[in-house]
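Reviewing the structure listed below.
No value in this document is a laboratory result; all are computed from the given coordinates. Keep in mind that what you see is a predicted model, and the values were worked out from it rather than measured. Don't worry about glycine lacking a Cβ; one is built from the backbone with ideal geometry, like all the others, and counts go over all protein chains shown.
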């Protein structure tokens, strides 16, 4: 059975537009593939920021870790296993101050593990999570996507490809706080519904 990992990050909870659009895409993909869905909500703040000690623990082979290192590496191991177990990844991330929320960056720092999810090859980094596909859903309060101020969708697309995951499509809803917000959101819903999977 196909497994879809839906990673969301908005602090707005049930009022989140990016999460609602991500849920819509996830449901469409699930209906098409007959998939099971795993939800990872980064807004709960249970994803730690990496520091030197945790970084060292993450790079230590499991059999060589001491007790403290095993505890520190546990969340990274869990997040990586979620990615490894997924066939499809949907990332729903709002744009905060032109970029992804800090929790998304914390998640990325934990799942980007040299020798596990990527490796340094002769011609540079090589992603090890091949055979998977990713979709990106993002919203902004007013900043346009695709321009010089968009460090959200471009970074997310680069990051999944860095891990070896194929970036299939990005769906965006800009200016969701503007006067035409409902029209913008409705248009993004239509794009998701009409997407040829």
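Only beta bridges with both residues in region 32-140 are counted; by DSSP, about 40 percent of them are antiparallel. Considering only alpha-carbon pairs that sit under 8 angstrom and 6 or more positions apart, the relative contact order computed for the chain is 22 percent.
Roughly what angle does helix 181-194 make with the longest principal axis of the chain, taking Cα atoms, 0 to 90 degrees, to the nearest 10? Rounded to the nearest ten degrees, it is 70. Counting other Cβ atoms within 10 Å as a rough exposure proxy, the listed residues 138, 92 run 138, 92 from fewest neighbours to most. Protection proxy ranking, highest mean first, for peptides 77-86, 20-29: 20-29, 77-86, where packing is the per-residue count of other beta-carbon atoms within 10 Å, averaged.
The ranking of 32, 167 by Cβ neighbour count inside 10 Å, starting from the fewest, reads 32, 167.
For each of 96, 135, 120, count neighbouring Cβ atoms within 10 Å of the residue's Cβ, then give the residues from fewest to most. Please report the intermediate quantities before stating the final value.
Values: 96 18, 135 25, 120 10.
Sorted ascending by nearby Cβ count, the order is 120, 96, 135.
Direction-averaged shadow area of the convex hull around the Cα atoms of region 115-197, nm²?
Values: hull surface 27.0 nm².
Projected area, direction-averaged: 6.7 nm².
Extension gain for the segment residue 149 to residue 70, taken as residue separation times 0.36 nm less the Cα-Cα distance, is 24.5 nm to one decimal.
Just how many % of Cα pairs in region 3-194 lie over 23 Å apart, if you round to the nearest whole percent? The partial results should precede the final answer.
Working: 8031 of 18336 pairs.
Above the 23 Å cut-off, region 3-194 has 44 percent of its Cα pairs.
DSSP finds beta bridges in the chain, and of those with both partners inside it, around 15 percent are antiparallel.
Within region 1-34, list the residues whose amide N lies under 15 Å from a label point set 7 Å along Cα→Cβ of residue 77. Label zone hits: none. With r as the distance between the Cβ atoms of residue 56 and residue 97 and R0 = 25 Å, compute the FRET efficiency 1/(1 + (r/R0)^6) and round to 0.05. The computed FRET efficiency comes out at 0.25.
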